[in-house]
Amino acid sequence: MCQDERIKEACGVFGIYNPHGEDAASSIYYGLSSLQHRGQESCGIAVFDTSGPKGNMNVQRGMGLVSEVFKEDVLSNMKGNLGIGHVRYSTTGAATLSNAQPLVLNYIKGTLALAHNGNLVNTEELRNELAQNGAIFHTTTDSEVIAYYIARERVRTKSVEEAIMKTAEKIKGAYGLVIASPRKLIGVRDPLGLKPLCLGKRDDSYIIASESCALTAIGAQFLRDIKPGEIVTITREGITSNLTLCQSRQAHCIFEYIYFARLDSKLDGISVYESRLRAGAALAKAYPADADLVVGVPDSGITAAQGFAAESGIPFGLAFYKNSYVGRTFIKPTQKERESSVRLKLSVLESAVKGKNIVLVDDSIVRGTTIANLIHLLKHAGAKEVHVRVSSPPFLYPCYFGTDVPSNQLLIASSHSTEEIRQLIGADSLGYMKIEDLQSMVGDLPLCKACFDNKYPMEIPKQ
């Protein structure tokens, strides 16, 4: 998919504690830059100086990419050795600066900064309870609800860890959290493992991040994935773990492996790159094609296309040139302008496709407009036939856990058969990943596939 009809992820989070006083802001900057694929609307960094007064915290947030918001002069003024960062794409709450994270609370017990990836399913219930007790909300995000609950529980408990534990018992849904208090860095992962979170180390510093690629970006060693339900606390004394909320039942989001996660990441022991190769191979077995060349939609379809080519024996090649200097197409205000941006961003390599039957592989089809555009471009460049293969099943149901799957009315597969979609997009044939083949991508890892099969791993909101 191109950006105009891309399924969006909620966020990416990153936290680091340098016990010997090295500034954390630059490490957070590079970590967030490597997580930029998880959210491009807004970003933020909050840092504490653990050797200074307990309220000594500096936070900066802004709309746009990490490189746009955090110029050198901004970073150089962010002194502190413990900090967290966040990149955001909105799923709950509008795309406004007030909803940018990390959220910072100044309350009776001190200061707390929180960054959240995911989505709660009981937000309204919790928000109403807080409002009845006098809470005034400054954002429209479920992340603020989490922060308020931690602050409220902290007044009644002996430590911030205990307050987080009490809060985690109340919230339901998907979450990867990094939380910073003046002397502690804490990571929390939802009990089903819907959202990824991992732990790393560089010298004496510990790092918590949404994906392992963020550890690589700052030269840190990957230690392990944080367990679903685990709460990890990092202090000057080292690292402790609370496994009270861990459970045997898990449901990892399959779309992390289909599209969200970066190609060089490893999530819960599974290489994202290898999982996408396996997806392409499964597609080739289920829906073979008589073709001369296998190509992928940049960038998300390329690895699955390589897997398809290797399994089918059809040569793999490149059909598109991607112009990396064109702005993000999803911010264009009209469909016509978005389509123009797609043509600016991707152009066909005519000599590669002319006179050939092409297999075009993409990770998903949402509305169908982009893939139709690409098929038209390929045929205009002289391709004889274009056979579309999709490395995920048809999207049929909404996601409540932080994936911005549009409402059913906007999902082309919810109102059209595969044959009708084939005709609408102008493909010569169309094959989707079989739902039973998804498991082959990740071995025996338990999955959430609710956006494809309507089997949600927990009770979902009635509204």
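Numbers for the structure displayed
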| item | result |
| --- | --- |
| Read-out Cα extents along the principal axes in Å, derived from the coordinates shown; its label in [x] 71, 51, 36; [y] 70, 46, 40; [z] 65, 51, 37 | [y] |
| Projected label distance in nm at residue 240 and residue 20, using a 7 Å step from Cα toward the beta-carbon | 2.5 nm |
| Accessible area in square angstrom per residue, the chain, 1.4 angstrom probe | 40 Å² |
| Relative packing of 442-454, 198-210, 161-173, which averages over residues the other C-beta atoms within 10 Å, highest first | 198-210, 161-173, 442-454 |
| 18 Å Cα-Cα reach of residue 379 towards aspartates and glutamates, excluding residues that sit fewer than 8 places from it in its own chain | 290, 292, 339, 350, 362, 428 |
| Share of carbon and sulfur in the accessible heavy-atom surface of the chain [1.4 Å probe, %] | 49 percent |
| Sequence-distant lysines (8 or more away, or on other chains) whose Cα lies within less than 26 Å of residue 172 | 8, 109, 158, 184, 195, 227, 266, 449, 455, 462 |
| Ranked order, 37, 252 - accessible area, probe 1.4 Å, largest first | 37, 252 |
| In Hz, Karplus ³J(HN,Hα) per residue of the range 224-231 (6.51, -1.76, 1.60; θ = phi - 60°; x = Gly, Pro) | 5, 6, 6, 5, x, x, 7, 10 |
| Relative contact order (percent, whole number), the chain, Cα cutoff 8 Å, 6+ residue spacing | 15 percent |
| Cα-based helix-to-principal-axis angle, 302-312 vs the chain, degrees rounded to 10 | 50 degrees |
| 432, 259, reordered so the largest accessible area comes first (probe 1.4 Å) | 259, 432 |
| Selection of chymotrypsin sites (Phe, Trp or Tyr not before Pro), the range 65-152, meeting DSSP coil and at most 14 other Cβ within 10 Å | 137 |
| Crossing angle, helix 369-380 versus the chain [Cα axis fit, 0-90 degrees, rounded to tens] | 40 degrees |
| Other-chain or far-sequence residues with amide H under 5 Å of residue 316's (modelled H) | 294 |
| Global geometry of the range 128-194, whether rounded, prolate or oblate, following the gyration tensor of its Cα atoms and the 1.5 cut on a/c | oblate |
| Residues of type aspartates and glutamates that residue 170 reaches as a straight line, Cα spacing below 19 Å, ignoring anything fewer than 8 places off in the same chain | 124, 125, 129, 142, 144, 153, 161, 162, 190, 230, 459 |
| Nonlocal amide H pairs with residue 251, under 5 Å, H built at 1.01 Å | 193, 194 |
| Residue 136 versus residue 105: modelled label distance in nm, points set 7 Å from Cα along the beta carbon direction | 1.7 nm |
| Using alpha-carbon coordinates, inclination of helix 123-132 to the longest axis of the chain, degrees | 30 degrees |
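The values are calculated or read from the model by the stated rules, or taken from the named source; none is laboratory data. A quick note: this is a predicted structure, and the numbers were derived from the prediction, not measured. Because the Cβ atoms are built from the backbone with ideal geometry, glycine has one as well, and the counts that use them run over all protein chains shown. These accessible areas exclude ligands, DNA and RNA; they are computed on the full protein's heavy atoms, side chains included. Shrake-Rupley method; radii C 1.70, N 1.55, O 1.52, S 1.80 Å.
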